[in-house]
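Here the structure is laid out as structure tokens; the discussion comes afterwards.
The values are calculated or read from the model by the stated rules, or taken from the named source; none is laboratory data. The model shown is predicted, which means the values in this text are computed figures rather than measured ones. Neighbour counts run over all protein chains shown; Cβ positions are idealised from the backbone, glycine included. Just the protein is used for accessible areas: all its heavy atoms, side chains included, with ligands, DNA and RNA removed. Shrake-Rupley method; radii C 1.70, N 1.55, O 1.52, S 1.80 Å.
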Amino acid sequence: MSDDKALDQRLLRAPTAYLSLYPDIPARMQAAFANGTPEVRVAAAAMLRALEAGARGREAALCERFDLTPAQARLAAHLAEGGTIATHAASVGISTATARQHLKVIFSKVGVSRQAELVAYLNERPG
């Protein structure tokens, strides 16, 4: 597998909330990989690794802090980053009803009762 092919696969796993906020980034990164100099390719790869590491770090911190499952932590992080239940459900291949059930458990574990409260709480106390 070439480096370009591996990089394209990582693009598909980029943090979903980031992609919902900046939907043109993957296309721009793919164009950079296809047409860019070696330096541009290295910079794009570094950016992608940083995005993935940041998302994994935040999710791990949420799991530890609130005893969330990885699926619950991904949803909480997605919402805190400006995503919606619908975009999260679509990106991970679950129904919105399942995502809402995850959200109810998250509310219980975090100690909030509304989605806006959850987002505000997580953004006031990152990680």
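Quick look at the values:
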{"quantity": "Pairwise FRET efficiency - ARG49 versus VAL105, Cβ, R0 = 35 Å, nearest 0.05", "calculated": "0.70"}
{"quantity": "ALA31-VAL112 pseudo-label distance in nm [points 7 Å out on the Cα-to-Cβ vector]", "calculated": "3.6"}
{"quantity": "In Å², nearest 10: area of VAL105 left accessible to a 1.4 Å probe", "calculated": "60"}
{"quantity": "Cα shape, region 37-127, gyration tensor, a/c 1.5 rule", "calculated": "prolate"}
{"quantity": "Neighbour cut-off at most 16 other Cβ (10 Å), DSSP loop, trypsin sites (Lys or Arg not before Pro), region 65-127", "calculated": "ARG114"}
